[in-house]
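Student: One structure, as structure tokens, below. Some questions next.
The values are calculated or read from the model by the stated rules, or taken from the named source; none is laboratory data. Here the structure is a predicted model, which means the values were calculated and not measured. Backbone-built Cβ (ideal geometry, glycine too); neighbour counts: all protein chains shown. Ligands, DNA and RNA are stripped out before the accessible areas are found, and what is left, the full protein with its side chains, is counted by its heavy atoms. Shrake-Rupley method; radii C 1.70, N 1.55, O 1.52, S 1.80 Å.
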Amino acid sequence: METVLAITSIMFFPAGISLILGGMLYEWADRKLVARFQNRIGPRWFQPLADTIKLISKEEIQPLGVNRALFFGLPVVALAGALTAALYVPIFGLQPAHSFPGDLIVTLYLLSLLTMCTGLAGWNSDSRFSIVGATRTLTQLFAYEAPFLLALLGPAMAADSWQISKIVAYTETHWMIVLQPVGFVIALIGLMGKLELPPFDAPEAETEIVAGALTEYSGRGLALFHIGKSVEMVVGVTLVTAFYLGGLGNPLIFLAKTLGLLLVMAFLQSVLVRLRIDQTVGMWWRAGAILALLQILALIVLK
Amino acid sequence: MNTEARLQRAKEILAPFAKETLTPEANRVDVVIDAADLTKATAAMKSANWGYLSAITGMDLGPDAGQLEALYHFCDAAAVTSLRVRLPREGQPEIDSVADQVPVASFYERELSEMLGVIVVGTPDPTHLFLPDDWPEGVFPNRRDFKIEDAAPVERDIPKVPDQGRMGNKFIVPIGPQHPALKEPGHFEFAVDGEIITGARMRLGYVHRGIEKATEQRNWIQNLYLLERICGICSHTHTSAYAQGAEKLAQVEVPMRALAIRELVAGLERIHSHLLWLGVAAHEAGFDTLFMYSWRDRETVMSLLEELTGNRVNYSISILGGVKQDVGLEQSKSVRKAMDYLEERIRYYLDVVTSDAMFLQRTRGIGTMSRDEAILYGALGPTARASGLERDVRVDAPYGAYSKYPVSLITDERGDLEAKFVVRLKELLVSCFTIRTIVDNLPAGELAVRFPRKVPAGETVSRVEAPRGEAFYFIKSEGGESPTRLKIRTPSLCNWTSVLNKAVGHQLADVPMMIAGMDPCFSCNDRMVTVRRKDDSQTMTWAQLRAYGIEKYKSR
């Protein structure tokens, strides 16, 4: 019976199919909101699904000079990482499917897996656009990863636990956005960096390096990376909401709070200009990391 | 200094070299010199600070005359001095390069040698600029006895982009001919070390259509419509420049009302072009919201152009001898209304590009070009004016109705990308003001006068300020129904030198913006020749193409 439950939780609910569809829904909401901010009409609700179906049905071209196993393996690992991360967060406002002390760290590293896979995929390719893109992806990873982690450690320290379910139980009664506003801002912006949304879209700046690390991907591989990214968006938004915006009681509250956060993110995406990679790194280490550290220090001192 | 004094000064400078000095038209002297004296004459002009080298026209006088002519046109405000060098047609016509003194001449010299077969001794890059790499040796499209049959491609080792492999941290990032940043085809090779550019090269000619050559086979009227299609953005510039030159040759006096309407459309065209550029430049920086907003507002001026002329892109408002349509009361009202809206929006964008901190990070202090560099590289238009170089044909040499409805010159001392945004947006405010003045004070009168079928023999230079800078036309007639030689030099060609030189040392991420900063227009660069491959079913003669078009539309 336990095995069946485990398989169900990975394949269908809360991870798996339902999460993929949820990811598409969030991707659509993001695209639509940005479009409306930019005075465009934006895509119809099923556009991400249609894109995915189209990509999957297309020929997957294997470029010359790549390691075959890596080329086909990386998208699968990337998606698997994002889906597994979803098992430890209160997705859709429900209790996490699995939980153990310290699962916060595991979740964060599972979320980074997608970025690492993207970087590796670019490095694996012989295209110069991919190589420049991969370099930028990985450089950026080192910029936002530490501040983002520190920002999520704030609520964990307040709740005296590194177990997501326990932290969420604590934040349901304490609005961390009020108690640790600096942490919230860093977590939100860090999430945008993780998702490579503007202004952190230098790794895939189409006007310079076409599609960055994924330039040579087509068909199924590209679709898997895209799905992985939308899943990561849901997981990331869930995590930040649960930690900072008073927890997630039930699916309705979940929907309201995460979509509210998405609205803020879409607004930021529309008004900010793409940063050069040196500016991104400079901003994170000169401002982001120091602010996050100061907050942690303050927490330690005040406790 | 007035124009007369400038021309007098030029004659004095060139006196030691002059074989013959002619005054073919007002504001222009034509000095015939020996090929051997060319570099010395150029150096003399340069050290006397007399204007800038605007274009080189190569002409074939035909097998009977047995001579080629190369005309080096120098412009200083309204004055034009042409150095005319005569070369033998047979054998090896040779001329010395002036590119070491005037860097931008490198492009003109490449064109001269590939189109006319003049060997330019000492030019830095003797490869093809416009013609395809498999173009046969010894076939020159600007020669009078050129036949398209001779232009069959030859098998040749075509220089390729250096190998795909990695060379440590250094590799070459190719941009174009197909690349998301370029909506038009051009090819750039940027050598990068990590993210820093260490070298830059470029290649043009992907949309070369042979327009200069084609004008020689069409009559004066047909050419107007052909030249309009050089560029989709500044189509009116080309018709204005051509019509102005042809009218000068034919000694046709164009009514003031027609000239005013031409200036009105030119102003609207400038608004449409600069707003389009604003959007593209913002997109290159990753600021898509500004891109969407400015293109939305550009629709206002597009609709206005459609209302005035019937077309959104190729307005076809000019005809030889005047304009086609009048601007009535109803249309004046729409113009005023649109100007009110646009002025407000342009002020808003001016505020955004000068105050948005994130945007300024990408524009302030990037690609700074000093005034001296702008002079050296021969920059034109807003690119030059953003470096504090006062160069604007509308002000320096007012043509058409610009003496009646003057525009004010906008310059900025800073020379970086931000200055280019500021200059262009301020120019739009000037354009809005001028358009309003024209609409309020439109002179009464005829719209057009009759233009003769045959144009008297003569040569003329016609200069017009396009949105991107000075467009230079040289037209020669031998009294026939079509021009003998029509040379076009568009502003983008002059601005490339500055971008390629300034790109080195910058980050790869800044390059798209720097290219966008000069507002390049590939279509107006590329004009001259069609490719004909052996057994190529895709190639058609003009008659075949025409028949195919008619057939296709009949069968719909």
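Student: How big is the Cα convex hull of the stretch B:3-151 in projection, averaged over all directions, in nm²?
Tutor: 9.0
Student: Rounded to whole Å, give me the distance from the Cα center of the stretch B:294-321 to that of the stretch B:476-511.
Tutor: Value for the Cα centre distance between the two parts: 25 Å.
Student: Of B:10, B:106, B:55, which is farthest towards the positive pole of the stretch B:3-151's charge dipole, taken about the Cα centre with +1 and -1 on the beta-carbons of Lys, Arg and Asp, Glu respectively?
Tutor: Ranked along the dipole, the leading option is B:10.
Student: Running a GNM on chain A with Cα contacts under 10 Å, which residue among A:203, A:101, A:90 ends up with the highest mean-square fluctuation?
Tutor: Taking springs between Cα atoms under 10 Å, the residue moving most is A:101.
Student: On to the next question. What number comes out for the charge environment of residue A:45, summing +1 per Lys or Arg and -1 per Asp or Glu over other residues with Cβ under 12 Å away?
Tutor: Working: positive: A:31, A:32, A:44; negative: A:27.
That works out to +2.
Student: Net charge around residue A:71, counting only other residues with Cβ within less than 15 Å of its Cβ (Lys, Arg = +1; Asp, Glu = -1)?
Tutor: That sum, taken over residues with Cβ under 15 Å, equals -2.
Student: Within 10 Å of each Cβ of A:200-206, how many other protein chain Cβ atoms are there on average?
Tutor: Mean shielding count: 3.
Student: In addition: Please name whichever of B:507, B:456, B:335 sits farthest to the positive end of the charge dipole of chain B, dipole taken about the Cα centre and charges placed at Cβ: Lys and Arg +1, Asp and Glu -1.
Tutor: B:335
Student: Read phi for every residue in the stretch B:249-265 and hand back ³J(HN,Hα) as whole Hz from Karplus 6.51 cos²θ - 1.76 cosθ + 1.60, θ = phi - 60°, with x for Gly and Pro.
Tutor: Running phi through 6.51 cos²θ - 1.76 cosθ + 1.60 with θ = phi - 60° gives 5, 7, 6, 9, 8, 7, x, 4, 4, 5, 5, 5, 5, 4, 5, 4, 5 Hz.
Student: Average partner chain C-beta neighbours within 10 Å, per residue of A:226-235?
Tutor: Shielding by partners across A:226-235 averages 0.
Student: Could you tell me whether the stretch A:19-302 comes out rounded, prolate or oblate from its Cα gyration tensor? Rule is a ≥ b ≥ c as square roots of the eigenvalues, rounded for a/c under 1.5, then prolate if a/b exceeds b/c, otherwise oblate. Each step should come with its number before you reach the end.
Tutor: On the way: a/c = 1.60, a/b = 1.44, b/c = 1.11.
Since a/c reaches 1.5 and a/b is larger than b/c, the shape of the stretch A:19-302 is classed as prolate.
Student: Under a 1.4 angstrom probe, counting protein chains only, how are B:291, B:130 ranked by accessible area, largest first?
Tutor: B:291, B:130
Student: Roughly how many whole Å is it from the C-alpha centroid of the stretch B:262-283 to that of the stretch B:397-456?
Tutor: What the calculation gives is 13 Å, centre to centre.
Student: Can you give me the Rg/Rh ratio for the stretch A:148-303, using Cα atoms for both radii and the Kirkwood formula for Rh?
Tutor: 1.01
Student: Under a point-charge model restricted to the Cβ atoms of Lys and Arg (+1) and Asp and Glu (-1), what is the dipole moment magnitude of the stretch A:195-303 relative to its Cα centre, in debye to the nearest 20?
Tutor: Result for the stretch A:195-303 is approximately 460 debye, rounded to the nearest 20.
Student: Using +1 on the beta carbon of Lys and Arg, -1 on that of Asp and Glu, and nothing else charged, what's the dipole of chain A about the Cα centre, debye to 20?
Tutor: 480
Student: Hey, another quick one. Can you give me the Kirkwood hydrodynamic radius for the protein assembly as shown, using every pair of distinct Cα atoms, in Å to one decimal?
Tutor: Over the protein assembly as shown, the inverse of the mean reciprocal pair distance is 30.2 Å.
Student: Further question on the same structure: Rank-order B:241-249, B:224-232 by packing density, defined as the average count of other C-beta atoms within 10 Å over each peptide's residues, highest first. It would help to have the intermediate numbers written out before the result.
Tutor: Working: B:241-249: 24.3, B:224-232: 20.0.
Peptide ranking by packing, descending: B:241-249, B:224-232.
Student: Additional query: Give me the angle, in degrees from 0 to 90, between the Cα long axis of helix A:289-302 and the longest principal axis of the Cα atoms of chain A, rounded to the nearest 10.
Tutor: Taking Cα atoms only, the helix is inclined about 20 degrees.
Student: Something else now. Please give the calculated 222 nm ellipticity per residue for the protein assembly as shown, where each DSSP H segment of at least 4 residues contributes -39500 (n - 2.57) and the sum is spread over every residue; nearest 500 deg cm²/dmol?
Tutor: On the way: 32 runs with 439 residues, N = 859.
Helix contribution divided over all residues of the protein assembly as shown: -16500 deg cm²/dmol.
Student: What is the magnitude of the charge dipole of the protein assembly as shown about its Cα centre, with +1 placed on the Cβ of each Lys and Arg, -1 on the Cβ of each Asp and Glu, and no other charges, expressed in debye to the nearest 20?
Tutor: Rounded to the nearest 20 debye, it is 1440 debye.
Student: I'd like the accessible area for residue B:552, computed on protein heavy atoms only with a 1.4 Å probe and all protein chains in place. Round to 10 Å², please.
Tutor: 110
Student: Next up: In terms of the Cα gyration tensor, with a ≥ b ≥ c the square roots of its eigenvalues, is the stretch A:17-146 rounded because a/c is under 1.5, prolate because a/b exceeds b/c, or oblate?
Tutor: oblate
Student: Report, in degrees rounded to the nearest 10, the 0 to 90 angle that the Cα long axis of helix A:17-37 makes with the longest principal axis of chain A.
Tutor: 90
Student: Let me ask something else about it. For a quick check: with amide H placed at 1.01 Å from N, whose amide H comes under 5 Å from residue B:470's, ignoring anything fewer than 5 positions away on the same chain?
Tutor: When sequence neighbours closer than 5 places are left aside, the close amide H contacts are B:381.
Student: Moving on to the next point. Does chain B come out rounded, prolate or oblate, given a ≥ b ≥ c as the square roots of the eigenvalues of its C-alpha gyration tensor, rounded meaning a/c under 1.5 and, failing that, prolate meaning a/b above b/c?
Tutor: Here chain B falls in the rounded category.
Student: Which net charge results when you count Lys and Arg as +1 and Asp and Glu as -1 among the other residues whose beta-carbon is under 9 Å from that of residue B:520?
Tutor: Details: positive: B:468; negative: B:184, B:519.
So the environment of residue B:520 carries a net charge of -1.
Student: For the stretch B:254-454, place one equal point scatterer on every Cα, skip the solvent, and apply the Debye formula. What is log10 of I(q)/I(0) at q = 0.08, 0.15, 0.18 Å⁻¹?
Tutor: For the stretch B:254-454 at q = 0.08, 0.15, 0.18 Å⁻¹, log10 I(q)/I(0) is -0.30, -0.96, -1.24.
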